[in-house]
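Colleague: This structure is in structure tokens; I'll ask about it shortly.
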Amino acid sequence: MKILNFGSLNIDKVYQVDNFVRPGETISSKNLNFFCGGKGLNQSIALAKAGADVWHAGCIGNDGQMLSDALQDSQVRLDFLKTLDMPTGHALIQVSQTGQNCIILFGGANQAISREQIDETLSHFEQGDILLLQNEINNLPYLVDQAYQKGMTIFLNPSPITEQLKEIEAADLSDVTAHNPQDYADILLEKYPSCHILLTMGTAGSIYLDHQTHHTQSAFKVQAVDTTAAGDTYTGYFIAAIARGADVQAAMKEASMASAISVTRNGASTSIP
């Protein structure tokens with residue numbers, strides 16, 4: 001069984017400012033830092049750090065060397081990572097003195113994935129292999145259709161929400177207001193009966209549901225300092241555990257432990273244990 005993550009890669013450009021820039025205003029930044037980002041990159045690194053053999057497919061520009069280096073440093077395979085003559089996906093992030101932020105996101109190379117690249121990449125995988133997806137790249141419906149036809153097991157982390165894929169939060173996906181997360185999980189399973197639902201709820205833990213089983217996992221109590229990559233860490237560790245034959249409950253526990261460790265550290269991919 002092989003694991004393919006067809007996902008996003010972003011350069012996060014973080015500017016420290018006194019206050020957010022206003023229309024017509026020019027301000028100076030006190031500091032500028034560059035970080036590796038993108039849910040795809042984070043989840044590939046989490047998979048690799050969990051011990052999985054993972055291939056990352058996607059696109060970067062000539063300015064994206066730091067991203068491929070970060071993946072390579074974590075032993076992620078890059079056979080299907082393409083470099084295009086265009087800017088890498090990136091985020092321009094202003095962080096104010098009060099800790100608030102505002103973000104401009106540019107999809108860049110993440111939005112230049114062709115059907116030809118998808119077909120060529122998937123030709124190296126077969127029935128029973130795992131495909132992990134997020135909603136930060138283009139041609140997602142085509143990817144899902146082609147992987148389904150091959151008989152691959154598809155894990156979709158439907159984030160962030162867009163009009164094209166209104167499936168990030170349980171409330172948006174179910175189109176109802178429920179009283180508790182368990183209600184959301186039940187509604188999701190009724191609406192998508194062939195799916196297996198894994199709902200993460202931060203400090204409230206996580207729920208897994210299909211038509212045969214139901215599992216809950218409480219969150220481990222820690223002193224959180226940065227929750228940025230908590231969900232990505234959980235996703236990577238859960239899939240890695242399932243891929244090596246763990247049962248769902250054991251996979252949820254391991255993913256919860258890893259996620260708890262990640263929130264005690266600053267940063268995104270750098271916080272993944």
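The values are calculated or read from the model by the stated rules, or taken from the named source; none is laboratory data. This is a predicted model, so every value here is computed, not measured. Cβ placement follows ideal geometry from the backbone for every residue including glycine, while neighbour counts extend to all protein chains displayed. Only protein heavy atoms, including side chains, enter the accessible area calculation; ligands, DNA and RNA are left aside. Shrake-Rupley method; radii C 1.70, N 1.55, O 1.52, S 1.80 Å.
Colleague: Need a quick list: helices (runs of 4 or more DSSP H) entirely within region 176-271 having at least 2 residues that are touching a Lys or Arg at 6+ places or on another chain (Cβ under 9 Å).
Modeller: Working: elements: 181-191, 230-243, 248-262.
Passing ranges, in order: 230-243, 248-262.
Colleague: Another question about this same structure. Of all residues in region 1-17, how many are open to solvent by 60 Å² or more (accessible area, probe 1.4 Å) and either among the hydroxyl-bearing types (S, T, Y) or closer than 22 Å to L140 by Cβ (or both)?
Modeller: Within region 1-17, residues that are open to solvent by 60 Å² or more (accessible area, probe 1.4 Å) and either among the hydroxyl-bearing types (S, T, Y) or closer than 22 Å to L140 by Cβ (or both) number 2.
Listed here are the residues, each with its yes/no results for (1) touching a residue at least 40 places away in the same chain (Cβ under 8 Å); (2) in a strand (DSSP E or B); (3) closer than 22 Å to I239 by Cα.
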position: G24; (1), (2), (3): no, no, no
position: G40; (1), (2), (3): yes, no, yes
position: I45; (1), (2), (3): yes, no, yes
position: G51; (1), (2), (3): yes, no, yes
position: C59; (1), (2), (3): yes, yes, no
position: M86; (1), (2), (3): no, no, no
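Colleague: Filter region 71-87 down to the residues that are more than 17 Å from the chain's Cα centre (by Cα) and under 26 Å from L32 (Cα atoms), then identify the one that is most open to solvent (accessible area, probe 1.4 Å).
Modeller: D85
Colleague: Step by step: first the residues of region 18-59, then only those that are farther than 30 Å from N135 by Cα and in contact with a strand residue (DSSP E or B) (Cβ under 6 Å, 6 or more places away or on another chain), then the one that is surrounded by the fewest Cβ atoms within 10 Å (Cβ to Cβ). Which residue is that?
Modeller: Residue satisfying both the conditions and the ranking: N31.
Colleague: Criterion first (over 19 Å from the mean Cα position of the chain (by Cα), modelled with pLDDT under 90 and closer than 23 Å to F6 by Cβ) does S159 satisfy it?
Modeller: No: the conditions fail for S159.
Colleague: Can E136 be described as farther than 20 Å from L41 by Cβ, open to solvent by 10 Å² or more (accessible area, probe 1.4 Å) and of a type in the set (D, E, K, R)?
Modeller: No, not satisfied.
Colleague: E126 passes all but one of (1) over 21 Å from the mean Cα position of the chain (by Cα); (2) of a type in the set (D, E); (3) open to solvent by less than 90 Å² (accessible area, probe 1.4 Å); which number fails?
Modeller: It fails just one condition, (3).
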